[in-house]
Amino acid sequence: MSSETDLCNRALLLLGDKRIGSLAEDSNRAMLCAQYYAPSRDALLETHPWNFAARRARLAREATEPAFEFRYAYALPAAPWCLRARAVYDYDDPWQVEGRILLCNASTCRIRYTARITDPGLFPPLFSEALANLLAHRIAYALTGSQNARAERDFEKSLIEAMGAEAREGTPDTLNYPDLWDAE
């Protein structure tokens, strides 16, 4: 099972640097890892509708109605924290997220969202690899004094691999091309 320190050490090793004992240790490497870890994790979680971070919720309606355009306001989930609303179910009309509020015209609201997952032990291996590569990319300049093009390429490659693995979980989307069949 990985820890935040393990993931940071993987990033440091990718840059050819020494390991740290903890994120709280008094070193430039640990300070950079502590500074960049959570924002990098959250940014990576937001990039894709990761299956391991997907959650569903029935939202609680706010007492105050929106000033205009939408009839209802719903608070986004706080436990686990909603990083990004992905879909509103049983509702085909426009909806909008403003701050921590989802606005729509539906009298009830069920969503699918990306949750903030903070336990690295819950990350799939390919997500962990992408996160370590993202951290390496983000801390490279501060540690080495130059941008590391290899770290950027490695991150992009690991992100594509992780997203591809996620896409293979579940029933594939059905492709329907009725116009092609009718053309005969």
Next on the checklist: Please give me, ordered by residue number, the GluC sites (Glu not before Pro) of segment 32-115 that lie in loop per DSSP and have at most 12 other Cβ atoms within 10 Å.
Outcome noted: Glu69
Checklist outcome for this item: Summing -39500 (n - 2.57) over every DSSP H run of at least 4 in the chain, dividing by its residue total and rounding to the nearest 500, the 222 nm mean residue ellipticity is -13000 deg cm²/dmol
Checklist entry - If you check each cysteine of the chain for another cysteine whose beta-carbon is under 4.7 Å away, which ones come up empty? => result Cys82, Cys104, Cys109
Item to check | Reciprocal mean inverse distance between Cα atoms of the chain - Kirkwood radius, Å | outcome: 18.9
Item to check | Rg/Rh for segment 1-52, where both radii come from Cα atoms and Rh is the Kirkwood radius | outcome: 1.02
Checklist entry - If the convex hull of the alpha-carbon atoms of segment 54-115 is projected onto planes in all directions, what is the mean projected area in square nanometres? => result 3.8
Checklist entry - Once the dipole of segment 54-115 is set up with Lys and Arg at +1 and Asp and Glu at -1 on Cβ about the Cα centre, which of Trp81, Gly99, Ala63 lies farthest towards its positive end? => result Trp81
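Each reported figure results from applying straightforward, stated rules to the coordinates on display, with no laboratory input. Worth saying up front: this structure is predicted, and the values here are computed from it rather than measured. Note that each Cβ is placed from the backbone with ideal geometry, even for glycine, and that neighbours are counted across all protein chains shown.
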